[in-house]
Structures are given as structure tokens and as C-alpha cells.
Amino acid sequence: MVNMPNTKRELARIRELAREYESKGFKVFIEPRTKDLPAFLRPFDFSPDLIARSKRQSYVVEVSSRDTAE
């Protein structure tokens with residue numbers, strides 16, 4: 001799966017989500033590298049927009065808008 005480039009609106013939302021997760025104590029990776037991906041995602045050709053991790057929870061986030069939704 002090849003990711004489409006994010007639009008300005010999507011980039012703004014990614015930054016907003018990153019701030020929200022960081023304020024809740026999560027460590028945030030925007031456009032994470034392969035080594036930062038959870039093990040279950042590494043075999044796939046998928047790179048999420050954001051990963052947020054804490055000791056108890058992790059979130060994998062892909063942001064899309066009407067312009068880029070499939």
C-alpha cells in the first residue's frame with residue numbers, strides 16, 4: 001500500500017493530534033520509521049501518519065480527508 005501525500009488540512013490535524021496525545025503523556029512519532037512501528041505492522045507496506053505510545057496504550061493513526069479518502 002503506497003501512502004498518498006497528506007494535504008495541508010491533514011497535516012494540521014496530525015499536528016493537533018500529536019499535541020493532544022503528548023499532553024496526555026504519550027510519546028508521539030509522526031511519520032514513524034520502520035523501527036518505531038509496532039511489530040504487527042512491520043511486515044506490511046504501511047506507514048501510518050502517527051503512532052502514540054504510553055506504558056498502557058498505543059494508537060496507530062492514519063488521517064484522511066474527503067480529498068484523499070478512498
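Read-outs throughout are calculated quantities, based only on the coordinates presented, and are distinct from any laboratory measurement. Fair warning: this is a prediction, and the values are worked out from it, not measured in the lab. Cβ coordinates were reconstructed from backbone atoms using ideal geometry, including for glycine residues, and neighbour counts include every protein chain displayed.
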Checked segment 21-51 for anything more than 19 Å from SER64 (Cα to Cα) and among the small types (Gly, Ala, Ser); matches are SER23, GLY25, ALA39
Next on the checklist: Suppose the filter is of a type outside the set (A, V, I, L, M, F, W, C), touching a residue at least 40 places away in the same chain (Cβ under 8 Å), on the phi < 0 side of the Ramachandran plot and surrounded by 14 or more Cβ atoms within 10 Å (Cβ to Cβ); does ASP49 pass it?
Outcome noted: yes
Of (1) surrounded by 12 or more Cβ atoms within 10 Å (Cβ to Cβ); (2) closer than 11 Å to VAL63 by Cβ, GLU16 satisfies every one except (1)
